[in-house]
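Participant: The following block contains the structure, expressed as structure tokens.
The values are calculated or read from the model by the stated rules, or taken from the named source; none is laboratory data. Quick caveat: nothing in here was measured; it's all calculated off a predicted structure. Methodologically, a virtual Cβ is constructed for each residue, glycine included, from the backbone with ideal geometry; neighbour enumeration extends over all protein chains shown.
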Amino acid sequence: MKKQLLKQALSLGMAAALLVGCSGGTTGGGTDNGSSDTEKQEQTDNTTGTEAGATADASGVKVGVSMPTKDLQRWNQDGANMQEQLEAAGYTVDLQYASNDVQQQLSQVENMINNQVDVLVIAAIEGSSLGEALDMAKSAGIPVIAYDRLLMNSDAVSYYATFDNYMVGTVQGQYIIDQLDLDNADGPFNLEITAGDPGDNNALYFYNGAMDLLKPYIDEGKLVVKSGQKDFEDVATAVWATETAQSRAENILSSYYADGTNVDAWLCSNDSTALGVENALAANYNGEYPIITGQDCDIENTKNMIAGKQSMSVFKDTRTLAAQVVKMVTQIVNKETVDVNDTDSYDNGVIKVPSYLCEPVFADASNYKELLIDSGYYTEDQLK
């Protein structure tokens, strides 16, 4: 049953429909680059019945936005989209990046609290690293929205806004199943796995989503992991670093594939780790090119996808998530019911955090123009 639902969700027709939508919660979830669509979006499940962007007076309301780093393209886009849409809605925005330094992020968030922001939006470097700041926010009565990475071990987290992280993994796993035709082909096929940062709560969701679909094929021997590295602890990549993923991939290739054996598929949880694997393959591999998954549709990876060096990337439109967060901020400021569509899945070790999950889709060579260029996410020149 789960496979059938996933196959339906991955159809191109639905991909186009989901490009600018979030799952559940509201109707008309479409959004463009600006905030105007958010303002038009009706909160059909909101008991106040007000419009998402209708705030009594956003002037004087300050929103602190803490992003983990500028080193990954996606966080630059997240921060820029958030700032643009919040400012368009009339808010004052304090946007800061923490250079993947936990102590720097802690200090930045504490400064935002001391500067009396009204709402905090935090994408944590490590989900458990901001306890002191979260305690400060709670004491000051400042609501906290965890952005795309769950803030752990604290009851000071008001809401969580993200994409359906488990579904990201299932999209990747199903893509491998479909491309290898695992339900019909004899196999065996060789699979390697590169997962994400163990300090990022999302990484385990991505891994579990994919492995829940792929494990039955591994157990029956149709998928073979020649390196033997299957457990999350063995395949995780600290801080999602391209260089770390590349070094590990080079070791796997030299140890298990130097005799010309093919790697048929390489499950990579995101684009920075996929890029590391692709770099390693370019320098150390002579077999048929494997199916490679990714996430975020970073520019370099999209170019590789067009060139046939990466098979797919899960597309999480940062404009959509930013629009949803702007909507949630406005609902908080207006003391309205805040839209959530999941109250059970995300336990941070202390509380189950009310969450809003947007639905991801995949881009590949067959549909990237529709998803990425026609939507205005990238221009054609950016992908040359």
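Participant: With respect to the numbered conditions (1) farther than 29 Å from PHE362 by Cα; (2) touching a Ser or Thr at 6+ places or on another chain (Cβ under 7 Å), which one is the sole condition not fulfilled by GLN85?
Facilitator: The single condition GLN85 does not satisfy is (1).
Participant: Can you pull out the residues in the range 205-264 that are more than 28 Å from ASN184 (Cα to Cα) and over 27 Å from the mean Cα position of the chain (by Cα)?
Facilitator: ASN251, SER254, SER255, ALA258
Participant: Of the residues that sit in the range 49-95 and are among the acidic types (Asp, Glu) and not in a helix (DSSP H, G or I), which one is modelled with the highest pLDDT?
Facilitator: Taking the range 49-95 and keeping what is among the acidic types (Asp, Glu), we get 51, 57, 71, 78, 84, 87, 94.
Among the residues that remain, those that are also not in a helix (DSSP H, G or I) are: 51, 57, 71, 94.
Numbers: GLU51: 37, ASP57: 65, ASP71: 86, ASP94: 97.
The selected residue is ASP94.
Participant: With the requirement that a residue be part of a strand (DSSP E or B) and more than 22 Å from ARG74 (Cβ to Cβ), what does the range 231-277 give you? I'd like the intermediate steps shown before the answer.
Facilitator: Taking the range 231-277 as the starting set, the residues that turn out to be part of a strand (DSSP E or B) are 265-268.
Correct list: ALA265 only.
Participant: For the range 234-278, what are the residues that are without any contact (Cβ under 8 Å) to a residue 40 or more places away in the chain and of a type in the set (Val, Ile, Thr)?
Facilitator: THR242, THR244
Participant: Scan (1) buried (at least 19 other Cβ atoms within 10 Å of the Cβ); (2) under 23 Å from the mean Cα position of the chain (by Cα) for the single condition MET112 breaks and write down its number.
Facilitator: Condition (2) is where MET112 drops out.
Participant: Could you count how many residues in the range 83-95 are polar (S, T, N, Q) and buried (at least 17 other Cβ atoms within 10 Å of the Cβ)?
Facilitator: Filtering the range 83-95 for residues polar (S, T, N, Q) gives 83, 85, 92.
With the extra rule that they be buried (at least 17 other Cβ atoms within 10 Å of the Cβ), the set shrinks to 83, 85.
Summing the residues that are polar (S, T, N, Q) and buried (at least 17 other Cβ atoms within 10 Å of the Cβ) in the range 83-95 gives 2.
Participant: Can you tell me which residues in the range 85-111 are within 20 Å of GLN331 (Cα to Cα) and free of Cβ contacts under 8 Å to residues at least 24 places away in the same chain?
Facilitator: Result: GLU87, single match.
Participant: Being surrounded by fewer than 16 Cβ atoms within 10 Å (Cβ to Cβ) and not acidic (Asp, Glu) narrows it down to one residue among LYS138, LYS222, LYS215; which is it?
Facilitator: The conditions single out LYS215.
Participant: If you don't mind, there's one more thing I want to ask. Checking the structure you have, find out if any residue of the range 188-195 is aliphatic (A, V, I, L, M), modelled with pLDDT of 95 or more and assigned to a helix (DSSP H, G or I). Please lay out each step first, then the result.
Facilitator: Going residue by residue through the range 188-195, those that are aliphatic (A, V, I, L, M) are 191, 193, 195.
This time we only want the ones that are modelled with pLDDT of 95 or more, so: 191, 193, 195.
Keeping just the survivors that are assigned to a helix (DSSP H, G or I) gives none.
Looking for residues that are aliphatic (A, V, I, L, M), modelled with pLDDT of 95 or more and assigned to a helix (DSSP H, G or I), one finds none in the range 188-195, hence no.
Participant: Please enumerate the residues belonging to the range 100-147 that are over 20 Å from ALA161 (Cβ atoms), in a helix (DSSP H, G or I) and touching a Ser or Thr at 6+ places or on another chain (Cβ under 8 Å).
Facilitator: Listed by number, the residues that qualify are VAL102, LEU106, GLY131, ASP135.
Participant: When you scan the range 358-371, how many residues do you find that are touching a residue at least 12 places away in the same chain (Cβ under 8 Å) and over 27 Å from VAL340 (Cα atoms)? Give the steps one after another, and end with the answer.
Facilitator: As a first pass, look at the range 358-371 and keep what is touching a residue at least 12 places away in the same chain (Cβ under 8 Å): 358-368, 370-371.
Cutting the leftovers down to over 27 Å from VAL340 (Cα atoms) gives us 364-368, 370.
Going through the range 358-371 one residue at a time, the tally reaches 6.
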